[in-house]
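Chemist: Before anything else, here's the structure in question.
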Amino acid sequence: MSNIIDRVEKLRSFMKEHNQSAFIVVSSDPHSSEYVADCWKSREWISGFDGSAGTVVVTEEKALLWTDSRYWLAAEKALAGTGFELMKDGLCDTPTITEWLLGNLPAGATVGIDGTVCSIAEVKAWNEELSTGDIHVDASCDPFATIWEGRPAIPLGMAEMFPVEYSGEEAAGKIERLRSFMKAKGVEGMMVTMLDEVAWLTNLRGNDVEYNPVLVAYMMVTAESATLFIKEEKLTAEIKEYLASQGISTAPYDAVWEHLSAYSNGNILINPARCNRAVLENLNPATAVIFNDSPVAAMKAVKNSTEVKGFENAMLCEGVAMVKLLYWLQNTVGQEEITELDVDSKLTSLRAEEPSFRGLSFSTIAAYGENAAIVHYEPTIEENATVYARGFLLLDCGGQYTGGTTDITRTIPLGVLTDEEKEGYTRVLRGHISLAMAKFPKGTCGTQLDVLARQWLWQAGENYLHGTGHGVGHFLNVHEGPHQIRMNNMPAHLLPGMTVTNEPGLYKAGRFGIRIENTMIVKPFCEGEFGEFYALEPLTLCPIDKTPIVPELLGDDAREYLNKYHAMVFEKLSPYFNGEILEFLERACAPI
């Protein structure tokens, strides 16, 4: 606690030197990553709160942390005695950060923010909102470069090649496709700042960020050159030779700023939502900036046949581990004491039996009973429920395998269920199946399909507040775009080769949570008088428990789909089992 108080005072001294009345500390890195390396965990360092979401505001007299309901309990514990005040984001009586700043700072004040870890769009939004009170935003300084003693260095994990036998396309081919797009749009240069886009474009992988097999790097692509800005000690001679063969030169990571200031190609494409403000500040003032979404994201989202095969192999490995886990649960719960963390540990050990397993794709959510009503709950040593032979266990998990990335959720009945639990499960399952059965014309986006997953819940006056589906990277980030399936408008079209999750849910505070998720792939369906139509096919291979189903709520079409899905699961997974576990799989996949 004394360390936190001291750190805040150091920040206040920095603010005073730079004439700043407040400083905003966000939870991001220079590449807008979902997970950040230790060297950019400034919000955690200044506050002591280590949740994945939160924003700190420090003024001369106040220190505040905004975070959402997932973390209120953990934040209260972490902030106790530090002088920080918890701002419960999402409550009606909790002001937004800008509302609070406008109400507590005088006109003419300056608010600091680190432009190296805040996007161009974010800084613009802060400026526009605070300017209504004549408050200025200064995004030119990183205080933690000076006040954070012992700050961890940028990760120096070694790069590894992701060969064409897994990627399906050489890096040179991807870069040429990008250049063709740029030429067609009149773009002369492009900054690639997202780590998964750099990894995909170069056919390199790494271990710089937890759960995401990426490297900390920038990339600049023009019609004549492609430059990778990276800590060069991360590159072996073999990888340097490979990059050179693909027309990619390398430069030190920090050399990106000098390169930007000397850039003279005329114009440059930058994604304002994902590119940090420092890139814009360091760019040659004579350069015209084209603000647009990254074309690399759209290219990466459409998987080629080799990538699809990699997903299929990864899902096979994941399916084998999941069946073993389900069998273990059936024979362990009620016989011996196990906890949520035991479930997590057991599943990780089962995955590790597969040689291609490289780690988790996100932190496992093993949530029993009422804990499952907390979306994205994660068990910890302090918060770790015992699992009993009743109610539901919600298991949302994923793995990184050499050829692909997985994301699956199963809601597992462990014993006696209430009628409310059974009905909720059936409605969620029917929504999952309704979306899985969708056939849709070319030009359809995920927002247009979202209602299919929600309709059976809506009929009961129920809903869920998270998205229904997101893209999944190919041995990359488990969450990728640009396409999503959700209620708010996401205009990116669903195209053949795109992976997307199908994960409706239902959460009732203090009682239970339900979610059923498969990773799907968009495939061509038919073409005729009304153009091209597409369909969704499941990649995930794992039984969906039939025990909680209320038959009269399921419907004949959903029953038929579930039986076909289970027949496929059994056909593909049964060769890997024998004896009692094969009998278990056969029962789990038996038609209803």
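Chemist: Pull up the range 67-77, narrow it to residues that are among the hydrophobic types (A, V, I, L, M, F, W, C) and surrounded by fewer than 22 Cβ atoms within 10 Å (Cβ to Cβ), then point me to the one that is modelled with the highest pLDDT.
Modeler: Looking at the filtered set, the residue picked out is Trp72.
Chemist: Consider only pairs whose beta carbons are under 9 Å apart and that are at least six residues apart or on different chains; among these, list those whose first residue lies in the range 393-408 and is free of Cβ contacts under 8 Å to residues at least 24 places away in the same chain and whose second residue is outside any strand (DSSP E or B) and among the hydrophobic types (A, V, I, L, M, F, W, C).
Modeler: Hits for this filter: zero, empty list.
Chemist: Follow-up. Can you name every residue in the range 355-370 that is surrounded by fewer than 19 Cβ atoms within 10 Å (Cβ to Cβ), in contact (Cβ under 8 Å) with a residue 12 or more places away in the chain and under 15 Å from Gly319 (Cα atoms)?
Modeler: Ser356
Listed here are the residues, each with its yes/no results for (1) part of a loop (DSSP other than H, G, I, E, B); (2) touching a Gly at 6+ places or on another chain (Cβ under 8 Å); (3) closer than 15 Å to Ala22 by Cα; (4) free of Cβ contacts under 8 Å to residues at least 60 places away in the same chain.
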position: Tyr71; (1), (2), (3), (4): no, yes, no, yes
position: Gly81; (1), (2), (3), (4): yes, no, no, no
position: Leu86; (1), (2), (3), (4): no, no, no, yes
position: Thr94; (1), (2), (3), (4): yes, no, no, yes
position: Thr98; (1), (2), (3), (4): no, no, yes, yes
position: Trp126; (1), (2), (3), (4): no, no, yes, no
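Chemist: Pick from Thr402, Thr418: which is among the hydroxyl-bearing types (Ser, Thr, Tyr) and touching a Lys or Arg at 6+ places or on another chain (Cβ under 7 Å)?
Modeler: Thr402 is the lone residue from the list that is among the hydroxyl-bearing types (Ser, Thr, Tyr) and touching a Lys or Arg at 6+ places or on another chain (Cβ under 7 Å).
Chemist: Collect the residues in the range 474-532 that are among the basic types (Lys, Arg) and either more than 19 Å from Tyr565 (Cβ to Cβ) or under 16 Å from the mean Cα position of the chain (by Cα) (or both), keeping them in residue-number order. Break it down into steps so the answer makes sense when it comes.
Modeler: Taking the range 474-532 and keeping what is among the basic types (Lys, Arg), we get 486, 508, 511, 515, 523.
Those that are among the basic types (Lys, Arg) and either more than 19 Å from Tyr565 (Cβ to Cβ) or under 16 Å from the mean Cα position of the chain (by Cα) (or both): Arg486, Lys508, Arg511.
Chemist: Another question about this same structure. In the set Ala438, Ala453, which member is over 27 Å from Glu370 (Cα atoms) and either β-branched (Val, Ile, Thr) or open to solvent by less than 50 Å² (accessible area, probe 1.4 Å) (or both)? Lay out the reasoning, then the answer.
Modeler: On the way: Ala453 fails: over 27 Å from Glu370 (Cα atoms).
None of the other options fit; the residue is Ala438.
Chemist: When Glu517 is evaluated against the numbered criteria (1) touching a Gly at 6+ places or on another chain (Cβ under 9 Å); (2) among the charged types (D, E, K, R); (3) open to solvent by 60 Å² or more (accessible area, probe 1.4 Å), which criterion, by number, is the only one it fails?
Modeler: Glu517 satisfies all of (1) touching a Gly at 6+ places or on another chain (Cβ under 9 Å); (2) among the charged types (D, E, K, R); (3) open to solvent by 60 Å² or more (accessible area, probe 1.4 Å) except (3).
Chemist: Further, regarding this structure: Every residue in the range 1-32 that is open to solvent by 20 Å² or more (accessible area, probe 1.4 Å), closer than 27 Å to Pro106 by Cβ and either polar (S, T, N, Q) or not in a helix (DSSP H, G or I) (or both), please.
Modeler: Ser13, His18, Asn19, Ser21, Val26
Chemist: Go through Gly186, Gly173, Gly157 for me and flag whichever is farther than 24 Å from Tyr263 by Cα and over 24 Å from the mean Cα position of the chain (by Cα).
Modeler: When all the criteria are applied, what remains is Gly173.
Chemist: I would also like to ask the following. Mind counting the residues in the range 246-265 that are under 14 Å from Val221 (Cβ atoms) and surrounded by fewer than 16 Cβ atoms within 10 Å (Cβ to Cβ)? Spell out how you get there, then give the answer.
Modeler: Step one: of the range 246-265, the residues under 14 Å from Val221 (Cβ atoms) are 246-251, 256, 259-260, 263, 265.
Cutting the leftovers down to surrounded by fewer than 16 Cβ atoms within 10 Å (Cβ to Cβ) gives us 247, 249.
Number of matching residues: 2.
Chemist: Something else: Suppose we filter the range 317-365 for residues that are touching a Gly at 6+ places or on another chain (Cβ under 8 Å), among the aliphatic types (A, V, I, L, M) and in a helix (DSSP H, G or I); how many remain?
Modeler: Qualifying residue count for the region: 1.
Chemist: Determine whether the range 33-51 contains at least one residue that is surrounded by 20 or more Cβ atoms within 10 Å (Cβ to Cβ), part of a strand (DSSP E or B) and under 28 Å from the mean Cα position of the chain (by Cα).
Modeler: No: zero hits.
Chemist: Just one of the numbered conditions (1) in a helix (DSSP H, G or I); (2) in contact with a Cys (Cβ under 6 Å, 6 or more places away or on another chain) is not true of Thr146; which one?
Modeler: Result: Thr146 passes all but (2).
Chemist: Next question, about the same structure. With the requirement that a residue be touching a Leu at 6+ places or on another chain (Cβ under 8 Å) and surrounded by fewer than 21 Cβ atoms within 10 Å (Cβ to Cβ), what does the range 334-349 give you?
Modeler: Scanning the range 334-349 gives Gly334, Lys346, Thr348.
Chemist: Return the total of residues in the range 132-146 being surrounded by 20 or more Cβ atoms within 10 Å (Cβ to Cβ) and farther than 25 Å from Ala107 by Cα.
Modeler: 1
Chemist: Which of the following residues is farther than 19 Å from Gly424 by Cα, of a type in the set (Gly, Ala, Ser) and crowded, with 18+ Cβ neighbours inside 10 Å: Ala352, Ala373, Ala385?
Modeler: Only one candidate passes the filter, namely Ala385.
Chemist: Still on this structure: Can you report the number of residues in the range 459-475 which are crowded, with 24+ Cβ neighbours inside 10 Å and part of a loop (DSSP other than H, G, I, E, B)?
Modeler: Residues that pass the stated criteria total 5.
Chemist: Answer yes if at least one residue in the range 299-316 is of a type outside the set (Phe, Trp, Tyr), farther than 27 Å from Ala171 by Cβ and modelled with pLDDT of 95 or more, and no otherwise.
Modeler: Yes, the range 299-316 has at least one match.
Chemist: Output the number of the condition that Lys303 fails; it satisfies all remaining conditions of (1) farther than 12 Å from Met191 by Cβ; (2) in contact (Cβ under 8 Å) with a residue 12 or more places away in the chain; (3) among the basic types (Lys, Arg); (4) open to solvent by 50 Å² or more (accessible area, probe 1.4 Å).
Modeler: Exception for Lys303: condition (4).
Chemist: While we're here: Buried (at least 18 other Cβ atoms within 10 Å of the Cβ), closer than 21 Å to Glu176 by Cβ and free of Cβ contacts under 8 Å to residues at least 60 places away in the same chain - does that describe any residue in the range 229-245?
Modeler: yes
Chemist: Another question, if that's okay. What is the one condition in (1) in a helix (DSSP H, G or I); (2) open to solvent by 50 Å² or more (accessible area, probe 1.4 Å); (3) in contact with a strand residue (DSSP E or B) (Cβ under 9 Å, 6 or more places away or on another chain); (4) closer than 29 Å to Ile521 by Cβ that Asp293 does not satisfy?
Modeler: Status for Asp293: all satisfied but (1).
Chemist: Can you name the condition, by its number, that Gly481 falls short on among (1) under 30 Å from Val198 (Cα atoms); (2) at pLDDT 95 or above?
Modeler: Of (1) under 30 Å from Val198 (Cα atoms); (2) at pLDDT 95 or above, only one is false for Gly481: (2).
Chemist: Inside the range 52-61, can you point out the residues that are under 18 Å from Ile147 (Cβ atoms) and assigned to a loop (DSSP other than H, G, I, E, B)?
Modeler: Glu60
Chemist: Okay, next question. Looking only at residues in the range 388-408 that are of a type in the set (Ser, Thr, Tyr) and surrounded by fewer than 24 Cβ atoms within 10 Å (Cβ to Cβ), which one is nearest to Glu336 (Cα to Cα)?
Modeler: Looking at the filtered set, the residue picked out is Tyr388.
Chemist: Next question, about the same structure. Take the range 167-194 and flag every residue that is touching a strand residue (DSSP E or B) at 6+ places or on another chain (Cβ under 7 Å) and under 22 Å from Ser28 (Cβ atoms).
Modeler: Met190, Met191, Val192, Thr193 - these are the residues of the range 167-194 that are touching a strand residue (DSSP E or B) at 6+ places or on another chain (Cβ under 7 Å) and under 22 Å from Ser28 (Cβ atoms).
Chemist: Something else now. Kindly indicate which of Glu129, Glu176 is closer than 30 Å to Ala237 by Cβ and open to solvent by 30 Å² or more (accessible area, probe 1.4 Å).
Modeler: Glu176
The values are calculated or read from the model by the stated rules, or taken from the named source; none is laboratory data. Everything quoted here is computed from the prediction, not taken from an experiment. When we count neighbours, we look across all protein chains shown, and the Cβ atoms used for this are built from the backbone with ideal geometry, even at glycine. For accessibility, only protein heavy atoms count, side chains too; no ligands or nucleic acids. Shrake-Rupley method; radii C 1.70, N 1.55, O 1.52, S 1.80 Å.
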